[in-house]
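Notes follow the structure.
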Number of protein chains: 2
Amino acid sequence: MQIAIPLFDRVTALDAIGPYEVLSRLPGAEVLFVAAEPGPKRTDTGALALTAERGLGEVLKPEIVVVPGGRGTRDQPHEELVAWIQQAHQTSRYTTSVCTGALLLGAAGILDGLRATTHWLFFDQLRALGAEPTLERVVEQGKVITAAGVSSGIDMALRLAQLIAGDDVAQAVQLSIEYDPQPPFDAGSPDKAPEPIVQLVRQLGATAG
Amino acid sequence: MQIAIPLFDRVTALDAIGPYEVLSRLPGAEVLFVAAEPGPKRTDTGALALTAERGLGEVLKPEIVVVPGGRGTRDQPHEELVAWIQQAHQTSRYTTSVCTGALLLGAAGILDGLRATTHWLFFDQLRALGAEPTLERVVEQGKVITAAGVSSGIDMALRLAQLIAGDDVAQAVQLSIEYDPQPPFDAGSPDKAPEPIVQLVRQLGATAG
């Protein structure tokens with residue numbers, strides 16, 4: 001089962017690594033990091049490089065597509081990647097995104113008329129691409145699944161694990177990565193965080209997604 | 001504020017990337033991926049390379065040390081890394097680990113007599129290194145903080161964010177990465193997962209940590 005995760009410069013690392021860490025543990029899974037130009041891709045902070053091993057043209061019919069987000073979704077052209085997403089979507093079992101990866105699904109026309117989510121700071125951009133933004137963590141619309149900001153890809157991938165491999169395997173993967181979250185605050189969503197914190201993040205803005 | 005995250009072959013990616021994604025967002029943070037030999041390090045699944053930019057000798061007094069885990073903690077010698085951890089610990093503000101990264105802190109003598117945690121499959125190995133294993137997600141013992149398996153590094157890093165930068169910044173980071181976990185099951189810990197799932201993961205064994 002091929003699972004393709006496109007990378008690009010200024011990707012947000014956790015958007016890609018969360019789903020990778022879950023999906024790579026499924027029986028028969030082969031996770032492939034792909035890019036228009038293979039090689040190391042610098043993450044949005046500049047501190048790290050993730051290596052894309054394959055060109056887009058080498059992985060044309062993945063069963064699952066997971067498109068991560070990051071500043072790089074917006075500060076560079078993505079014609080080749082968007083065309084690849086459109087084509088891969090025709091034969092994929094699931095086409096998914098994390099965070100502002102949804103903007104690339106939207107650019108590919110895949111979210112037109114669908115409920116979808118992205119990082120909460122980017123709902124206007126998502127709406128402009130024809131989607132109906134919704135403040136849910138994981139939004140399923142048939143085979144199109146979008147997840148909210150950054151860390152939400154872990155939850156989405158566990159749901160994918162359940163859909164693909166069943167409850168037992170999904171729980172075994174969750175236990176393997178010990179995903180028993182206990183954050184020190186309940187501030188992970190704009191409808192839960194204190195309003196001054198929401199305003200602060202809004203001001204700091206677009207670096208987030 | 002230098003935050004050093006050592007990498008090595010067969011590291012578990014999320015162990016490193018979870019804390020990186022949180023800590024890199026702190027004001028003044030400089031996250032440095034270091035290794036005995038700089039360059040790309042292949043993760044435990046083989047599907048990905050993370051690049052260590054600096055040699056251990058280039059980053060001698062980081063304020064925070066975060067040691068990730070993975071199969072590579074156990075299938076190769078780590079004399080140079082363990083000696084580096086010992087030395088960095090003398091001047092660090094916090095010395096921390098995720099998952100079986102705790103075994104390297106243990107090898108450095110840092111956990112002797114301390115309560116600590118690691119991936120739940122590796123409690124015996126942790127005990128053999130002089131620590132008192134405890135099934136908590138994040139264990140604080142003065143400046144030594146250990147986290148449980150894989151995904152727990154996110155929670156630990158948010159706690160570090162709180163300790164270093166205060167409640168407001170920690171909550172803003174949590175909101176930025178939208179860490180509002182909603183896993184489809186409550187199976188992320190051996191005391192919560194159904195017993196047959198715990199047995200299954202125990203049999204699949206040591207690939208996890």
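The values are calculated or read from the model by the stated rules, or taken from the named source; none is laboratory data. Values in this document were obtained by computation on a predicted structure and should not be read as measured data. In this analysis, Cβ positions are derived from the backbone assuming ideal geometry, glycine residues included, and neighbour counts consider all displayed protein chains.
Restricting A:LEU121, A:LEU103, A:LEU129, A:LEU111 to residues that are in contact (Cβ under 8 Å) with a residue 24 or more places away in the chain and over 16 Å from the mean Cα position of the chain (by Cα) narrows the list to A:LEU129. For A:VAL22, the criteria (1) surrounded by fewer than 20 Cβ atoms within 10 Å (Cβ to Cβ); (2) out of contact with any strand residue (DSSP E or B) (no Cβ under 9 Å at 6 or more places or on another chain) hold in every case but one, which is (1).
Each row is one residue, and each column tells you yes or no for (1) among the hydrophobic types (A, V, I, L, M, F, W, C); (2) within 19 Å of A:ALA49 (Cα to Cα).
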{"position": "B:GLU30", "(1), (2)": "no, yes"}
{"position": "B:LYS61", "(1), (2)": "no, no"}
{"position": "B:VAL66", "(1), (2)": "yes, yes"}
{"position": "B:ARG93", "(1), (2)": "no, no"}
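Sort out which residues of region B:52-76 are within 24 Å of A:ILE177 (Cα to Cα) and outside any strand (DSSP E or B), and write them in order of number. Show your work before the answer.
The initial filter retains those residues of region B:52-76 that are within 24 Å of A:ILE177 (Cα to Cα), namely B:52, B:64-76.
Listed by number, the residues that qualify are B:PRO68, B:GLY69, B:GLY70, B:ARG71, B:GLY72, B:THR73, B:ARG74, B:ASP75, B:GLN76.
From the list A:ALA107, A:ALA47, A:ALA29, A:ALA116, the lone residue that is in contact with a helix residue (DSSP H, G or I) (Cβ under 9 Å, 6 or more places away or on another chain), buried (at least 17 other Cβ atoms within 10 Å of the Cβ) and modelled with pLDDT under 95 is A:ALA47. Residues that are in a strand (DSSP E or B), over 16 Å from B:ALA16 (Cβ atoms) and within 7 Å of another protein chain (Cβ to nearest Cβ) are absent from region A:3-25.
Inside region B:94-109, can you point out the residues that are more than 14 Å from chain A (Cβ to nearest Cβ) and either at negative phi or in contact with a Lys or Arg (Cβ under 6 Å, 6 or more places away or on another chain) (or both)? Correct list: B:TYR94, B:THR95, B:THR96, B:LEU103, B:LEU104, B:LEU105, B:GLY106, B:ALA107, B:ALA108. Residue selection: A:ALA128 satisfies the criterion of being surrounded by fewer than 24 Cβ atoms within 10 Å (Cβ to Cβ) and farther than 22 Å from B:THR45 by Cβ.
When the residues of region A:168-189 are filtered to those that are more than 7 Å from every other protein chain (Cβ to nearest Cβ) and within 22 Å of the chain's Cα centre (by Cα), the one that is nearest to B:ALA147 (Cα to Cα) is A:VAL173. Taking the condition surrounded by fewer than 21 Cβ atoms within 10 Å (Cβ to Cβ), more than 9 Å from chain A (Cβ to nearest Cβ), touching a strand residue (DSSP E or B) at 6+ places or on another chain (Cβ under 8 Å) and more than 30 Å from A:LEU200 (Cβ to Cβ), does B:PRO38 pass? The answer is yes for B:PRO38.
Condition test on B:ALA161, is it part of a helix (DSSP H, G or I), touching a Pro at 6+ places or on another chain (Cβ under 9 Å), of a type outside the set (D, E, K, R) and closer than 22 Å to A:GLU21 by Cβ? It is true that B:ALA161 is part of a helix (DSSP H, G or I), touching a Pro at 6+ places or on another chain (Cβ under 9 Å), of a type outside the set (D, E, K, R) and closer than 22 Å to A:GLU21 by Cβ.
Might you let me know whether region B:44-53 holds any residue that is within 10 Å of chain A (Cβ to nearest Cβ), free of Cβ contacts under 8 Å to residues at least 40 places away in the same chain, out of contact with any Gly (no Cβ under 7 Å at 6 or more places or on another chain) and within 19 Å of B:HIS119 (Cα to Cα)? So far as region B:44-53 goes, yes, one or more of its residues are within 10 Å of chain A (Cβ to nearest Cβ), free of Cβ contacts under 8 Å to residues at least 40 places away in the same chain, out of contact with any Gly (no Cβ under 7 Å at 6 or more places or on another chain) and within 19 Å of B:HIS119 (Cα to Cα).
Of all residues in region B:158-171, at least one satisfies being free of Cβ contacts under 8 Å to residues at least 12 places away in the same chain and crowded, with 22+ Cβ neighbours inside 10 Å. One residue stands out in region B:110-158 among those that are among the hydroxyl-bearing types (Ser, Thr, Tyr) and part of a loop (DSSP other than H, G, I, E, B): the one that is farthest from the other protein chains (Cβ to nearest Cβ), namely B:THR134.
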